[in-house]
Amino acid sequence: MTQPTALFLADILEDAGKPADIAEKCAAELRRLHAQRDALLEALRDLVEAVEDPEASSLMRLNAARAAIKVAEENT
């Protein structure tokens, strides 16, 4: 499922109304999953940038990778 599809489904669920509590829970979960994908993509970009840095030592790359993973974990 693509990110725009997840948000589209969340919008439909919010508009569905009956039963409102189920639709709202589903919509909230879809929005949470969308945010999680964004966090993971950003962490992956940070990780790739760190690995490709020609000036960085292996330890610097490893620390950057750990930091990217930590950020993803905090945002999921």
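Please treat every number below as a calculation from the coordinates, not as lab data. Note that the structure is predicted; figures quoted are calculated from it, not measured. Cβ coordinates were reconstructed from backbone atoms using ideal geometry, including for glycine residues, and neighbour counts include every protein chain displayed.
General observations
- Segment ASP15-SER57, extension gain: residue separation times 0.36 nm, minus the distance between their alpha carbons: 9.9 nm
- Cβ-based net charge around ARG61, under 13 Å, with every Lys or Arg adding one and every Asp or Glu removing one: -4
- Answer label, with Kirkwood radius over Cα pairs in Å calculated from the coordinates and candidates (i) 14.1; (ii) 12.8; (iii) 13.7: (i)
- Neighbour net charge for GLN36 - beta-carbon separation under 14 angstrom, K R +1, D E -1: -2
- Each label point was placed 7 Å from the Cα along the Cα-to-Cβ direction; for GLU42 and CYS26 their separation is 2.9 nm.
- Karplus-derived HN-Hα couplings along the stretch 64-69 (A = 6.51, B = -1.76, C = 1.60, θ = phi - 60°), whole Hz, x at Gly and Pro: 5, 5, 4, 5, 5, 5
- The chain - charge dipole about Cα centre, Lys and Arg +1 at Cβ, Asp and Glu -1, debye rounded to 20: 220
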